[in-house]
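Take a look at the structure set out below.
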Amino acid sequence: MAETEPRADTVTMDKIVSLARRRGFVFPSSEIYGGLGSAYDYGHYGVLAKNNVKARWLEAMVQERDDIVALDSAIILNPSVWEASGHVAGFTDPLVDCRTCKLRFRADKLEEEHCGRKPSKHPGGTPECDLTEARQFNLMLETRLGAVEETGVAAYLRPETAQGIFVNFKNVLQLARRKPPFGIAQIGKSFRNEITPGNFLFRTREFEQMEMEYFVPPDKADQWYEYWVKERFDWYTRYGIRESHLRIRPHEADELSHYSSATSDIEYLLPFGWSELEGIANRGSFDLTQHTEHSGAKLEFVDSATGERYVPHVIEPAGGADRAFLAFLVDAYDEEDVAGRQRTVLRFHPQIAPVKAAVLPLIAKDERMVTKARALYEGLRRRHIVEYDDNGAIGRRYRRQDEIGTPFAFTIDEQTLADDTVTVRDRDSLAQERLPIDGVREWLDDALERPWHTPKPG
Ligand code: ATP
């Protein structure tokens, strides 16, 4: 086993952004046109890793339970939905302009923003700063439906996926034959005209949400709220996020939305500070009552056995796929010295890693090795995302796989030709062992299921 020397957490946002670009996880959007502020495109490894984040969420929320069903509602809904939900009137952030530097800031987040002339200060922090009074700015992005500009109907790109769930409450209740407690889970794009997007994927105007609305009898709401806060915290640690970098932050009374009796954020310690990955809210009966009033459809539960009727209360875990991906990426990033050379490695949980294994013929010019390696690779790729690589020195190929977080590499060498065994190299420990080539598929299946803990210090 090679000599390794772990180091303290050295991650910075600059390193993350540059690795994400260099290895094709995430690119600035429309780059050849100079980009579009705070918009990003996911490249190959980014797509694979973010898909894994979403798949693990769906597994935990739908597949492993019998009380939650899936939904994929439209992005553009009847505009009345947003009247009823309160978004037209109240989905606003307070905005201030600086007359000196001409920049706009969120009035409630000034301590997180940088003055346009003196970035070391917050807006309002220098004698030259000249901030306007705060005014409310609606975050919903408008669009027009219909071929003719003038007669088209104004509509909104959804700012959250949750309302698509509430307006389908009746469908699911009847067609999926559910009774409270039950939930509806949805993953999809949402759009917000953020005043100050930034911090890479953390705050963008277009992003993906993973939301679940859990409908419960009113007297059980507090209990289910506590349950979901814990359940969602455990999901992040289950997939390897260090507990030392994760916390639950209950909202203060003055932070709560008027309809919420309790909200907690799950926060991760990103390089720019503790930041919300997900919010869990006890929303009471607000949403179903509002949509009943505005649509005329009675959104309630009637127990056919007892005749009891009530408007269920809602517990909502609302997370972001991009923020979760960013947290997994930051938590995975590591640097260490291996026998005097530095290596950068993404220590992803195997279930999150974009590529599960690499298959590498030691000598690319040796046709016998290439044939065996290709056969192994083609067998494995029917079950998993795996990569075949015969390009360059073996050390460089290992480094490349380390940088995209591939947990295992199978190498075909001279000995394989003699006895049909391969070397498997472990990304984290760098330990190598030999396996019969016929057993690789089963070995990999097992290895991907094993519990995994990061070797990074807490
Ligand atoms: P913030 O206070 O950071 O603006 P929020 O409390 O408004 O977030 P919610 O409305 O609770 O966020 O949305 C649920 C989740 O959706 C957030 O926890 C986050 O993961 C994700 N999300 C919200 N806004 C954005 C955004 N602009 N970019 C990326 N993800 C977002």
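What to note about this one:
- The range 355-449, relative contact order in percent, only Cα pairs under 8 angstrom and at least six apart counted: 29
- Simple point charges give the picture: +1 on the Cβ of Lys and Arg, -1 on the Cβ of Asp and Glu, and for the range 219-320 a dipole about the Cα centre of about 280 debye.
- Interchain or long-range residues, amide H under 5 Å from ALA70's placed H: ALA185
- Between 0 and 90°, nearest 10: helix 440-449 axis offset from the chain longest Cα axis: 40
- Summing charges over neighbours of LYS189, with a neighbour being any other residue whose Cβ is under 13 Å away from its Cβ, gives -1 when K and R count +1 and D and E count -1.
- Trypsin sites (Lys or Arg not before Pro) restricted to the range 18-92 and DSSP loop, no more than 16 other C-beta within 10 Å: ARG65
- Of all DSSP beta bridges in the range 355-449, antiparallel share, percent nearest 5: 55
- Once the chain from HIS384 to ILE363 is taken as fully extended at 0.36 nm per residue, the excess over their C-alpha distance is 5.1 nm.
- Annotation: for a label point projected 7 angstrom from Cα along Cα→Cβ of ALA447, residues of the range 391-412 with backbone N closer than 11 Å are 406-411.
- Counting only residues at least eight positions apart within a chain, or on another chain, the aspartates and glutamates with an alpha carbon under 15 Å from that of LYS372 are GLU387, ASP389, ASP390, ASP413, GLU414, ASP419, ASP420, ASP438.
- Sites ASP219 and GLU133, calculated FRET efficiency, Cβ-Cβ separation with R0 51 Å, nearest 0.05: 0.70
- About its Cα centre, the dipole of the chain is roughly 900 debye, where the only charges are +1 on Lys and Arg Cβ and -1 on Asp and Glu Cβ.
- Likely footprinting exposure, THR423, THR371, fewest C-beta neighbours within 10 Å first: THR371, THR423
- Between the helical axis of 394-404 and the longest alpha-carbon principal axis of the chain there is an angle of about 10 degrees.
- Qualifying trypsin sites (Lys or Arg not before Pro) in the range 324-377, where qualification requires a DSSP coil assignment and no more than 11 other C-beta atoms within 10 Å, comprise LYS365.
- Long-range amide H partners of HIS251 with built H, under 5 Å: THR263, SER264, ASP265
- Theoretical FRET efficiency, 1/(1+(r/R0)^6), r = Cβ-Cβ of SER120 and LEU145, R0 35 Å, to 0.05: 0.15
- Under 13 Å, Cβ to Cβ, from TRP452 - net charge with Lys/Arg +1 and Asp/Glu -1: +3
- One Cα centroid belongs to the range 318-339, the other to the range 101-115; the line between them spans 28 Å.
- The 3J(HN,Hα) values that the Karplus relation (6.51, -1.76, 1.60; θ = phi - 60°) gives for the range 93-105 are, in residue order, 10, x, 10, 10, 9, 9, 5, 7, 8, 6, 9, 10, 9 Hz. Gly and Pro appear as x.
- Taking only Cα atoms of the chain, radius of gyration then Dmax in Å: 25.4, 78
- Two-site label geometry, SER29 and THR12: point separation in nm, points 7 Å out along Cα→Cβ: 2.8
- Rounded to the nearest 0.05, the FRET efficiency derived from the C-beta distance between ALA55 and ALA418 at R0 = 41 Å is 0.55.
- Whole-Hz couplings from phi, Karplus 6.51/-1.76/1.60, listed for the range 326-333; x for Gly and Pro: 4, 5, 4, 5, 5, 5, 7, 5
- Hits among lysines - C-alpha to C-alpha of LYS109 under 23 Å, sequence gap 8 or more where chains match: LYS118, LYS121
- Under 5 Å, built H, 5+ apart or other chain: amide partners of VAL422: LEU435, ILE437
Where a number appears in this text, it was derived from the coordinates with a stated rule and is not lab data. Remember, predicted model here, so these are calculated numbers, not experimental data. Note that each Cβ is placed from the backbone with ideal geometry, even for glycine, and that neighbours are counted across all protein chains shown.
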